[in-house]
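Here the structure comes first, spelled out in structure tokens, and everything after it is commentary.
The values are calculated or read from the model by the stated rules, or taken from the named source; none is laboratory data. Predicted model only: the values in this text are computed from it and were never measured. Here the Cβ is made from the backbone with ideal geometry for all residues, glycine too, and neighbour counts use every protein chain on show. Keep in mind that these areas ignore ligands, DNA and RNA; they rest on the heavy atoms of the full protein, side chains included. Shrake-Rupley method; radii C 1.70, N 1.55, O 1.52, S 1.80 Å.
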Amino acid sequence: MSDDLIIRGQATLTWGDQFRFVMRKLVQVLWKYAVAMIVLFGLIWALTLPDEQWLALRAYPLASLGDFVADAWPFYLGTFAALIVVMIATSYVAFRRLPDVNRKLSYEVDAKGILTKDAADFALMVPWSSIVRTRNTSRFLYLKTVPGAWRYLLWRAFAPADREQILRWATRERANSPGAI
């Protein structure tokens, strides 16, 4: 019976939704930035040391690490904060440039997968068999596809009983996939 069932839902994408979607990517980028900046600032700091401090760096590396942190933290925090502001601002501008018709989403979910369409008739079909990981929250169903992209389903578009069925389909297919653990 549930294989013939088609669940339909509609929702409008908001900036809050978009912000939550991009947060995962922002955090990944910020971690990579944090590591790269520690290395880069450390190299710049070490290369600009006078000779006596360079010798102290080699003789007392832990004490020199404290000197590095004391010298570099304002630059590090400043560039880190600037990067956060720039990333959020570019995401906001990109969202604001998205036409309203592209923000109005409709879903058709069945035993095969999820079809997402916007009011401009752009459609994306994600079959359950291409889902390798799911993450369920109170607001969204996060779906990781085989190529590694994350797709999002807005729970507010569906009734609670429909949400349970959608989650069963998503987890059933993932449990039956060959790569499932």
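For region 1-151, with all protein chains in place and a probe radius of 1.4 Å, 65% of the accessible heavy-atom surface sits on carbon or sulfur.
Basic side chains Lys and Arg get +1 at the Cβ, acidic Asp and Glu get -1 at the Cβ, and with that the dipole of the chain about its Cα centre reaches some 540 debye. Nearest 10 degrees, 0 to 90: what angle lies between the long axis of helix 160-176 and the longest principal axis of the chain (Cα atoms)? Between the helix axis and the principal axis of the chain, the angle is about 70 degrees.
Before rounding to the nearest 500, sum -39500 (n - 2.57) across all DSSP H runs of length at least 4 in the chain and divide by the residue total; then give [θ] at 222 nm in deg cm²/dmol. Let's see the in-between values first.
Working: 5 runs with 100 residues, N = 181.
Rounded to the nearest 500, it is -19000 deg cm²/dmol.
Here the Kirkwood formula puts the hydrodynamic radius of region 40-181 at 19.6 Å, using every distinct Cα pair. The per residue volume of the convex hull around the alpha-carbon atoms of region 116-161 is 94 Å³. Listed peptides 92-104, 131-143 appear in the order 131-143, 92-104 once ranked by packing, highest mean of other Cβ atoms within 10 Å at the front. Computed with a 1.4 Å probe over protein heavy atoms only, the accessible surface of region 85-181 comes to 59 Å² per residue.
The mean of 1/r over all pairs of different alpha-carbon atoms in region 33-109, once inverted, gives a Kirkwood hydrodynamic radius of 15.9 Å.
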